[in-house]
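All of the numbers you see were taken from the coordinates with simple rules; none came from a lab. Please read all numbers here as calculations on a predicted model, not as lab measurements. Methodologically, a virtual Cβ is constructed for each residue, glycine included, from the backbone with ideal geometry; neighbour enumeration extends over all protein chains shown.
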Ligand SMILES: Cc1cc2nc3c(=O)[nH]c(=O)nc-3n(C[C@H](O)[C@H](O)[C@H](O)COP(=O)(O)O)c2cc1C
């Protein structure tokens, strides 16, 4: 069984980042794949304050001294073989909400109990932007930096899009929009395909790594 956890970093309800992520998770539905979802929307998520409690006091069940909605995320992350992380583009990088989540996962890698807990999980990134050329790739790589720091292995889609899933939320990325359609990403078939391909590549890597660990 491969466990895939989707993490969405948009604070918007029914966001484009969530829709493209859920579509990509659907694309890898198989008998031996279990998917789960965590979104920042409506959640109370504080920043990491570098209190270093996790480094000195952490136990198997108690990951982090900061008490908020991330307490429900930690066990999901520990169980996951792969993380598919989706963000809106904010100033050409991931959202601050998502950055807080990824910062807080420090306790699953550098914590007293969970030392190296992120190592060799597969990570893959999806981003949605308003404009075609205004930071989508830098956003994808900003997520990759977190994966690299946690010694994760990165899944990318190949020729469709070098760094990950890339969806547009204005009409063809021009900035023009239909005021009645808040879910424009669902009309960006090419973008949806880049995210599906990202998820498939992530899953293939996760299977290889799991089989390698078993061997
Ligand atoms: C603070 C902020 C910064 C943004 N910066 C960019 C940007 O640099 N480039 C861009 O194309 N869109 C930018 N946008 C637009 C969002 O990326 C875009 O609306 C996205 O589709 C929102 O996705 P969501 O529906 O998943 O929240 C920004 C939006 C906000 C709120």
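Which FRET efficiency value, to the nearest 0.05, do you get for residue 148 and residue 13 by plugging their Cβ-Cβ distance into 1/(1 + (r/R0)^6) with R0 = 41 Å? Intermediate values should be presented prior to the final figure.
On the way: r = 31 Å, r/R0 = 0.77.
Computed FRET efficiency for residue 148 and residue 13: 0.85.
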At a threshold of 8 angstrom on Cα-Cα distance, excluding pairs fewer than six apart, so keeping six or more, what relative contact order does the stretch 58-215 reach in percent? 22
Between residue 119 and residue 181, with labels modelled 7 Å along Cα→Cβ, what's the label distance in nm to one decimal, could you check? 4.8
GNM top mover of 95, 134, 59 - the chain, alpha-carbon springs below 10 Å: 59
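Please list the three semi-axes, largest first and in whole Å, of the ellipsoid equivalent to the chain, using sqrt of 5 times the eigenvalues of its alpha carbon gyration tensor. Display every interim value, and only then the final one.
On the way: eigenvalues 158, 82, 40 Å².
Value: 28, 20, 14 Å, ordered largest first.
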Measuring from label point to label point, each 7 Å out along Cα→Cβ, what is the residue 204 to residue 43 span in nm? 3.0
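Pull out the extension gain between residue 190 and residue 34, defined as 0.36 nm times the separation in residues minus the alpha carbon to alpha carbon distance; nm, one decimal.
Numbers: separation 156, 0.36 × 156 = 56.16 nm, distance 2.55 nm.
Difference between extended and current length: 53.6 nm.
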Please report the spacing between the Cα centers of the stretch 108-123 and the stretch 1-60 in Å, no decimals. 16
Counting all C-alpha pairs of the stretch 64-178, share separated by more than 22 Å (%): 36
In deg cm²/dmol, rounded to 500, what helix-only [θ] at 222 nm does the chain give when every DSSP H run of at least 4 residues adds -39500 (n - 2.57) and the total is split over its residues? -10500 deg cm²/dmol
Please list, by residue number, everything in the stretch 68-112 whose backbone N is under 19 Å from a paramagnetic label point 7 Å out along Cα→Cβ of residue 51. 68-75, 100-112
Helix 136-149 versus the longest principal axis of the chain: what angle, 0 to 90°, nearest 10, using Cα atoms? 10
Pop a pseudo-label 7 angstrom from the Cα along the beta-carbon direction at both residue 78 and residue 62 and give the gap in nm to one decimal. 1.4
Of 114, 130, 145, the most mobile residue in a GNM of the chain (C-alpha springs, cutoff 10 Å) is 145
